[in-house]
Amino acid sequence: MEKLSAAQRGRLTLDELRTLVAGEQIETVIVGFTDHYGRLLGKRYDAEMFLDETATHGTHGCDYLLTTDMEMDPTPGYRFANWEKGYGDFHLIPDLNTLSRASWLDKTALVLCDVKSATGGEVPVAPRSMLRRQLESARELGFTALAASELEYYLFQHSYRQAAEIDYRGLQPAGWYFEDYHILQGTRTEPFTAAVRRHLKASGVPVETSKGEWGLGQHEINVRYAEALQMADRHVIYKQCLKEVAEQTGQSVTFMAKFAADRAGSSCHTHVSLWRDGTNAFSGSADLDGVKCSESFRWFLGGWIAHVPDVMVFYAPNVNSYKRYVDASWAPTRIAWSYDNRTAAFRVVGAGSSLRIECRIPGADCNPYLVFAAALASGLDGIRNRIEPPACFTGDMYAARDLPHVPAGLDDATDRFMASDFAARVFGAEVVEHYAHFFRTEQAAFDRAVTDWERRRYFERI
């Protein structure tokens, strides 16, 4: 019997699913897609119903799901869907390439969907549609994009319900000292982490490593790189698996970019390379400040760096995201590149066939489809227009006061996104208007809130 590769293990064909359903090993199929926040939304189907109807014809969902806020309230002001239009349906078409077991759930499989309109076209504001469009742009230039995302998270000993009941105060982290690379401290959380590694591997998401990070109870699990769409899908399944395993074990995890002011932020370092005919198109003999590379690499890097202000909202999509950008915290604060330098926003790593660009700007709260779409749109524009990168920076980038700073907050980043000719050109005016409204709605919700900081500062002494 031929041994399955790590990438194939847990993946299912329809015929394999039929066999498992007939043997009563699979009873439920989750049919899902992500909203703007990156949350997995959808339905649970009886497995036989999925095979009889949904696998071929898809299903429907209310189009308000691409206009809601975090509390699932329909938000006015969107053209895409609103009360005047009656909040009708869009269609969810299963991408059967994503069909896999969800081994952490009993007798369950999972499939991710593309969001289509009633006439069958892709909904342009759906995150997966946006990434597909940029991948098509890459193909038009003769490239395939490979990517990886490195997700960090905090693990707590309180369940999600307990955390909510105590208003997220006094949560007990899984560790009690910084455990970056510590094997002993990691051993204490191995019942959770090992279970997650096994479940991901058994569910079509091949795992490379896990390790402690630079925070109390902070960890990272790395999964193998893949074609960018598949990698975004793996990212979504990773987050869902971790949250649901935590729920089962009476614990909780958070992917907030900055859980606490005195703790390290959680990142989503993003790696990208372009390939052509099975060869890394970034590899070459040209010299860029000591890096042996191709012209495609040079211009992709130039475009990616140049367009950070235009698409920062996709790397840092929430109010909390910007509190992660603190000097000497391992989060980048200035926009420049360097070779193997963790103070840089753009860290070039590898050589030859492994040469790639790591962008350290995205936080763990990002939507992977939007991050990869923004990265590819920026880099491909660099190739088309031969955008030169700035000179390679050497040294401590936190101390370099003359370098451009990342945008200061969601309001600033949204203004830049809305005013960007580049964003309108590569994503379309409809998409820019839609997401600008989404981000402004999120900022407005925070601006109306009364915080613990305000009560502590003003209750007595004002």
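The values are calculated or read from the model by the stated rules, or taken from the named source; none is laboratory data. Quick caveat, the model's predicted, so the values are computed rather than measured. Methodologically, a virtual Cβ is constructed for each residue, glycine included, from the backbone with ideal geometry; neighbour enumeration extends over all protein chains shown. Keep in mind that these areas ignore ligands, DNA and RNA; they rest on the heavy atoms of the full protein, side chains included. Shrake-Rupley method; radii C 1.70, N 1.55, O 1.52, S 1.80 Å.
Counting residues in region 438-446 that are surrounded by 15 or more Cβ atoms within 10 Å (Cβ to Cβ), within 21 Å of residue 272 (Cβ to Cβ) and either of a type outside the set (D, E, K, R) or within 19 Å of the chain's Cα centre (by Cα) (or both) gives zero. Whenever a residue of region 154-167 is of a type in the set (Gly, Ala, Ser), its partners that are outside any helix (DSSP H, G or I) and open to solvent by less than 20 Å² (accessible area, probe 1.4 Å), lying with C-beta atoms within less than 8 angstrom and at least six residues away or across chains, give the pairs 159/252; 163/156; 163/252.
Looking only at residues in region 1-32 that are in contact with a Gly (Cβ under 9 Å, 6 or more places away or on another chain) and either in a strand (DSSP E or B) or modelled with pLDDT of 95 or more (or both), which one is most open to solvent (accessible area, probe 1.4 Å)?
11
For region 176-213: of the residues being among the aromatic types (Phe, Trp, Tyr) and at negative phi, which is surrounded by the most Cβ atoms within 10 Å (Cβ to Cβ)? The extreme case among them is 192.
Scanning region 426-437 for residues that are surrounded by fewer than 17 Cβ atoms within 10 Å (Cβ to Cβ) and either of a type in the set (Phe, Trp, Tyr) or without any contact (Cβ under 8 Å) to a residue 40 or more places away in the chain (or both) returns a single hit, 429. Filtering region 33-54 for residues that are open to solvent by less than 40 Å² (accessible area, probe 1.4 Å), of a type in the set (S, T, N, Q) and modelled with pLDDT under 95 leaves an empty set.
Residue 305 meets the conditions (1) touching a helix residue (DSSP H, G or I) at 6+ places or on another chain (Cβ under 6 Å); (2) open to solvent by 10 Å² or more (accessible area, probe 1.4 Å); (3) among the β-branched types (Val, Ile, Thr); (4) modelled with pLDDT of 95 or more in every case but one. The failed one is (1). Here's a check for you: in region 373-397, which residue that is in contact (Cβ under 8 Å) with a residue 60 or more places away in the chain and not in a helix (DSSP H, G or I) is surrounded by the most Cβ atoms within 10 Å (Cβ to Cβ)? Only one residue fits best here, namely 389.
Residue by residue through region 311-337, note down the ones that are open to solvent by less than 30 Å² (accessible area, probe 1.4 Å) and more than 18 Å from the chain's Cα centre (by Cα).
329, 333, 334, 335, 336, 337
Whether a residue is of a type in the set (Asp, Glu) and open to solvent by 70 Å² or more (accessible area, probe 1.4 Å) was assessed, and residue 402 passes this test. So which residues in region 254-283 are open to solvent by 30 Å² or more (accessible area, probe 1.4 Å), assigned to a loop (DSSP other than H, G, I, E, B) and either over 23 Å from residue 324 (Cα atoms) or in contact with a helix residue (DSSP H, G or I) (Cβ under 9 Å, 6 or more places away or on another chain) (or both)? Passing the criteria: 256, 259, 261, 277, 278, 283. Every condition in (1) assigned to a helix (DSSP H, G or I); (2) in contact (Cβ under 8 Å) with a residue 40 or more places away in the chain; (3) out of contact with any helix residue (DSSP H, G or I) (no Cβ under 6 Å at 6 or more places or on another chain) holds for residue 415 except the one numbered (2).
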